[in-house]
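Here's the structure, in structure tokens; my notes come after.
The values are calculated or read from the model by the stated rules, or taken from the named source; none is laboratory data. Quick caveat, the model's predicted, so the values are computed rather than measured. Note that each Cβ is placed from the backbone with ideal geometry, even for glycine, and that neighbours are counted across all protein chains shown. All accessible areas refer to the heavy atoms of the entire protein, side chains included, with ligands and DNA or RNA removed. Shrake-Rupley method; radii C 1.70, N 1.55, O 1.52, S 1.80 Å.
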Amino acid sequence: MEKELKVAALRNGTVIDHIPADKLYKVVSILHLDNCEQQITIGNNLDSAKVGKKGIIKISDRAFAEDETNKIALIAPNAKINIIRDYVVVEKRPLSLPSEIREIIQCGNPNCITNNQPVATKFHVIMHDEEIMLKCHYCEREVIRDKVKIK
Amino acid sequence: MGVWGQIMSNNSLVSIADYSKEEILAILDSAADFETNPNRKTLDGKVIATLFFEPSTRTRLSFETAVVRLGGSIIGFSDAATSSSSKGETLNDTIHMVSCYADAIVMRHPLEGAARYASEVAPVPIINAGDGANQHPSQTLLDLYSILKTQGTLENLTICLVGDLKYGRTVHSLIMAMSHFHPTFKFIAPDELKMPDEYKVFCRKKNIPFTEVNELNDNFNDADILYMTRVQKERFQDLMEYERVKNVYTLKNSMLENTKSNLRILHPLPRVTEIDPDVDSNEKAYYFRQAQNGLYVRQAIVSKLLKTT
């Protein structure tokens, strides 16, 4: 009942649910929601059967573009995005990392062309020993997903 | 077109990791053909730009010789200070400008990823002649050609990699390229310059056996190839340690007595102290001929990129 009320309270907009509690403020930060002009509700440390303690973000009248959802997938891959219209969940969008991520990550290699010339970054998502790694398309350096630097 | 069609799908040579076993072998076949006759006029009328934003002797001279012996012409610069990049021109602009004049661009650049980027913006083929510490594929191909030529095969060889295995791009690329041919590796390096974990993980994934030791001594008596690299002073925080390592990692002629008869010693050059000059006259010393092989391999690369063979 309580969960239904949280979602139903939003007329139009987006709910980002099942964010691990320790990642909530990072998601807020990378989506620049601290500067968001729309109505926004942020809850944290809510009980969750899936992730223990979870965070939730509800934003009115806001849809997320693909590169924005990519950012969420990097930080909180199991978060769920619900699109709300007229109080109804019209789309449940589970996040998954794309095979290629453009622009939003900064390469950690100071000698990479992308850190020295006006070149947009591009990373390939690869698996190494069950660990998700991101490989710079240009300098070919790899970084563990948890250590990526978001622009 | 065959495999070459696949190799040259972007019509550039950027990274050895882009190439399959068949694609590598096709380049080596072509190089062998150029070795039998390196003087042809197949590049007659073609202009090749050599843009060396970072200094180089061997690579630039061998690319330029490769082109001249095939009847092509060279434009370019060998020092970034004499190019408009010193005035702040972006690589994008330099590449677009040079593409107006040249049929292909051979480029060395200090920034990693510069060649990949150039290959994406250039309308003409880009040949990576080294991008920072990242890739130097023509060196890897000439290393493979030298191994094939001296051993008669690339399959099932024992290869000792010696020296700076941490920062040395040639050894990293060689591991990736040799992974197609069932090698056994021995990594011989001081603790400061050990092979990075990512390449050991790579070997395990490909079921490539390897061992690690940190003294040169006679640890290469079972080797077919001894690949020496330069131990650079600036890599060491403790200069006392550098002095110790430098002496331990010097190959001397007397150390070759019990090695296999087919052993050949390779080095990407320049060498400093890691190979004593008394090794030069040993028939197992192959590093100068290795440099000569660079000419044929580079003729093969340029010709294939320009589709003149």
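Before moving on, here are some points about what is shown:
- Residue-count net charge about B:Ser179 - beta-carbon cut-off 13 Å; Lys, Arg +1, Asp, Glu -1: +4
- Once C-alpha pairs closer than 8 Å and six or more residues apart are averaged by separation and normalised to the residue number of the range B:81-169, the relative contact order reads 21 percent.
- With at most 15 neighbouring Cβ atoms within 10 Å, loop GluC sites (Glu not before Pro) (DSSP) excluded, longest segment of chain B: B:1-88
- Taking amide H as placed 1.01 Å from N in the peptide plane, B:Ile127 has its amide H under 5 Å from the amide H of B:Leu13, B:Ile105, B:Val106, B:Met107, each at least 5 places away in sequence or on another chain.
- Hits among lysines - C-alpha to C-alpha of B:Lys304 under 22 Å, sequence gap 8 or more where chains match: B:Lys21, B:Lys41, B:Lys46, B:Lys149
- Under 20 Å from B:Lys307, Cα to Cα: aspartates and glutamates that are on another chain or at least 8 residues apart: B:Asp18, B:Glu22, B:Glu23, B:Asp29, B:Asp33, B:Glu35, B:Asp44, B:Glu64, B:Asp103, B:Glu120
- Remark: chain A carries a charge dipole of roughly 160 debye about the Cα centre, counting +1 on each Lys and Arg Cβ and -1 on each Asp and Glu Cβ.
- Qualifying chymotrypsin sites (Phe, Trp or Tyr not before Pro) in the range A:1-104, DSSP loop, other Cβ atoms within 10 Å at most 11: A:Tyr87
- Rounded if a/c under 1.5, otherwise prolate or oblate - the protein assembly as shown, Cα gyration tensor axes: prolate
- Accessible area (Å², 1.4 Å probe, nearest 10) - B:Thr82: 110
- Shape analysis of the range A:100-150 yields a ratio of the Cα radius of gyration to the Kirkwood radius, Rg/Rh, of 0.95.
- Helix A:66-75 vs. chain A, principal-axis angle (Cα, 0 to 90°, nearest 10): 90
- Cα-based shape type of the range A:4-121, given that a ≥ b ≥ c are square roots of the gyration tensor eigenvalues and the cut on a/c is 1.5: prolate
- Angle in degrees between helix B:58-69 and the longest Cα principal axis of chain B, rounded to the nearest 10: 50
- Residue-normalised convex hull volume from the C-alpha trace of chain B: 133 Å³ per residue.
- Cα gyration tensor, the range B:123-258 - rounded (a/c under 1.5), prolate or oblate: oblate
- B:Leu306 long-range amide H proximity, modeled H, under 5 Å: none
- Taking other residues whose beta carbon is less than 10 angstrom from the beta carbon of B:Val272, and scoring Lys, Arg as +1 and Asp, Glu as -1, yields +3.
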